[in-house]
Structures are given as C-alpha cells and as structure tokens.
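Computed from the coordinates by the stated procedures, all read-outs in this text should not be read as laboratory data. Fair warning: this is a prediction, and the values are worked out from it, not measured in the lab. All Cβ positions, glycine included, derive from the backbone under ideal geometry; neighbour counts span all protein chains shown.
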C-alpha cells in the first residue's frame, strides 16, 4: 500500500521544481526527502523523477502518479471528515462551490428545493473560479460544484442538472434596452463580454458558438470585472453580456435583461468527486433532478 506522506513528498518536489525548496516547504532535510522519494520509486517499481543535469524533471510515470495522488488525498480527507461527523453525531453540511457563471440566486433556489424535500439539510455556498473549483473538489474541500460547460477533470464526475434560458443584459441607457427581446442576429455589431478565455473555457466557447450559428463572428472581449455577477459587467459600457437572469430590470435599475428569441438554453452542470459518499449531496442532486 502506498504511503500518502511519500506521495506528498513527490508532489512537493514536482511543484517546487526540486528537492531544496520542497524540503524547506515540508520542513525536512534534503536527504530525508530524497530517501522518501527513492523509497516510493522502489515501491512503484519505475523511476518517477529524472535527476540528471542538476535539474529535477517529472517523468510520465511520476506525472500519472501525482495526478492520481491528488485524487487519493481528496478521498482520504472526505472519508475522515465524514467519519468524524458520524462519530460526533453532527449533521452533515453540504459545501457547494459555484463558478461566476452560476449566480448566487440560482444556487439558493436549488438549495431551497433540496431543503424542502429534506428539511434537515444544511448547506453553505462558495464562489470559485473554474480552476479553483476543480482543485477544491479534488482536494475534498468542497462536496459539490455547480458550473456551466466545465469538463470533468480527472477524479471528478459531471451531470447535467438543468438547462436555463439564456438572455442578454445591457446597460439601462443602451440602444437595445427598450426592446422586450432581441435575436442573436441583433448582436452582430455589438461588443460581447465573456468571462473565460476562448479555447480554455467551455462555457465561453458555447456562448460564442451560438453567435456563429446565427451567422456572424462575435466581437468579444474578456470582462475586467472577474468574479462579479455577469449582469453588472455591462454597467457604464456599450457592451452586452449573456446571462441567465429573469427578464426586466436588474442591478438597481442600471441594467436591463432582455429575452433572447428564439430561445437558447445554457446547461447547468454539477461536478463532484468520484467514489465519495455524501448523503447531503445525494439529497441535493435528487431534489434538482426532481
């Protein structure tokens, strides 16, 4: 059986780029750290690091082990946390993370539905950027992630919970603000704000692809207001943004949310660590599916 501490040592060497800084980080001597990694290599049966030329390079076998090791650590943390809660007869608190593409209001609606079906359910909500959300789920710091379009990283599973109608947010003084609805073609000459980087964000790619399907290449730029509700990014600009809010005024009347015709629906996805047990998460997912 692999020693999780030795896996920690390997991860530290890989992240710090060598034994000196990794040893400082772990409060070990370089000799002790080197001995630990050598022992791990003997247990695995293949080299994990290339130490030639005075530099440390992670070999493919080491990279594969590190990827799985992060998942193993998360599983261990989740198992210990659950055992402590059961042993202390404490109610489980579902730790929900969500990306900025999923509003706090949307999370609250889902939690309320779960609490209606399971009155004893407790939950807390945390906004995370996509990479941080994946890291916290893998590490066992969150039990459930809500996102739009994120692929499931190694060790996580994904399910589609719902599809929400996509709408367009504009500033209250924008020329389109007086319309009850717009078509995608109406956005041909508009500056479109997105939050992720095209090619690196599945949700951004999804939004831009809707424009391309309508027959035009979108003029897009990444919003400078990262982490804020998407509708607020258009305040004081002539840009537009895709949102999932209800139509009408928003942000204290400084924003108008317009229906998109014909309707386009954006997926709401749930991510969670594979092979972990959480009755509260199961209750949440059951309520969302119902």
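Structure above, values below:
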quantity	calculated
Crossing angle, helix 202-213 versus the chain [Cα axis fit, 0-90 degrees, rounded to tens]	40
Whole-Å distance, taken between Cα centres, linking the range 12-29 and the range 233-290	42
Centre separation in Å (Cα based) which lies between the range 61-136 and the range 165-231	30
Relative contact order (percent, whole number), the chain, Cα cutoff 8 Å, 6+ residue spacing	22
Folded to 0 to 90 degrees: helix 4-16 orientation relative to the chain principal axis, Cα	60
Rg over Rh, two decimals, the range 194-272 (C-alpha only, Kirkwood Rh)	0.95
Global form of the range 55-112, assessed from the alpha-carbon gyration tensor, a/c cut-off 1.5	oblate
Of 151, 88, 254, the one that fluctuates the most in a GNM where the chain has Cα springs shorter than 10 Å	88
Distance in nm between pseudo-label sites at residue 237 and residue 213 (7 Å out along the Cβ direction from Cα)	2.4
Label corresponding to log10 I(q)/I(0) by the Debye sum over Cα atoms at q = 0.08, 0.15 Å⁻¹ when calculated from the structure given, among (1) -0.47, -1.09; (2) -0.36, -1.20; (3) -0.31, -1.15	(1)
Mean ellipticity per residue at 222 nm, deg cm²/dmol - from DSSP H runs of n ≥ 4 across the chain, formula -39500 (n - 2.57)	-12000 deg cm²/dmol
Fraction of beta bridges assigned by DSSP in the range 167-263 that are antiparallel (%, nearest 5)	60
On Cα atoms only, tilt of 279-289 relative to the major axis of the chain in degrees	30
Residue of 62, 54, 253 that the Gaussian network model of the chain assigns the largest fluctuation, springs spanning Cα pairs under 10 Å	54
Among 202, 78, 34: highest mean-square fluctuation, GNM of the chain, C-alpha pairs under 10 Å	34
Among beta bridges that DSSP assigns inside the chain, antiparallel share in %, nearest 5	60
Rg to Rh, two decimals, where the range 123-229 supplies the alpha carbon set and Rh follows Kirkwood	1.01
